[in-house]
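The next block holds one structure in the form of structure tokens; read it before the comments.
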Amino acid sequence: MQGSITLNELGIFIIFALIVVAGGYAIVTLKNINALIKVASATLQKNQGHLNQIIPNINEISENTAKISEEIKKSVDEAGEAVRTISHETADTVLTINETADYLAKYALVIGEIAKTIVNMFSSNEKAMK
């Protein structure tokens, strides 16, 4: 027995195979979508009471959230400004302390030189008297 397949029959077979594959893919996709809808429906049913409480107050909740966000932003800005101020004041204080320490060191050197001069004066007077 010998058979032949025409190009027309081959084309119809390929189109049929593509339709079967696409149909299978569509069935699997629809099954997954159906499972997802079932999960979403179960979640909605489980939380129906909470949703009924929240939905009437959603506008107020949104406004309160916006107010809280604005207050937090202001607080963070104020804290940042305080940190900057403290940083500047600390730097100024450190500079003042350094300058004061330099002045004290210079005064100590001057006083030391004066003391040396006075000691040398008295010691040279004692040598001259002898």
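The values are calculated or read from the model by the stated rules, or taken from the named source; none is laboratory data. From a predicted model like this one, the values you see are computed outputs, not experimental measurements. Glycine gets a Cβ as well: all are built from the backbone with ideal geometry, and neighbour counts include every protein chain shown. In case anyone asks, the SASA skips ligands and DNA or RNA and just uses the protein heavy atoms, side chains included. Shrake-Rupley method; radii C 1.70, N 1.55, O 1.52, S 1.80 Å.
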Quiz item: Using a probe of 1.4 angstrom, how much of the accessible area of the chain is carbon and sulfur, in percent?
Solution: 67 percent
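What FRET efficiency would be calculated for the residue pair I33, L10, taking the C-beta separation as r and a Förster radius of 35 Å, to the nearest 0.05?
Calculated value: 0.50.
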Quiz prompt | Cβ-placed point charges (K, R +1; D, E -1), dipole of region 53-116 about Cα centre in debye, nearest 20 | solution = 260 debye
Quiz item: Which residue, chosen from L95, P56, A108, occupies the Cα position most advanced towards the positive end of the dipole of region 39-130, where the dipole is computed from +1 (Lys, Arg) and -1 (Asp, Glu) charges on Cβ about the Cα centre?
Solution: A108
Practice problem: Taking every pair of alpha-carbon atoms in region 43-118, give the share separated by more than 21 Å as a whole percent. | Solution: 67 percent
Practice problem: Note the angle between two axes, namely the Cα long axis of helix 7-46 and the longest principal axis of the Cα atoms of the chain, as a number of degrees from 0 to 90, rounded to the nearest 10. | Solution: 60 degrees
Quiz item: With each pseudo-label sitting 7 Å past Cα toward Cβ, what's the T43-D92 distance in nm, one decimal?
Solution: 5.6 nm
Self-check item: Heavy-atom surface of region 33-127, accessible at 1.4 Å and reported per residue (Å²)
Solution: 89 Å²
Exercise. Compute the normalised compactness of the chain: alpha-carbon radius of gyration over 2.2 N^0.38 Å, N being the residue count.
Key: 3.33
Exercise. Just round it to a whole percent: the fraction of Cα-Cα distances in region 13-85 exceeding 17 Å.
Key: 72 percent
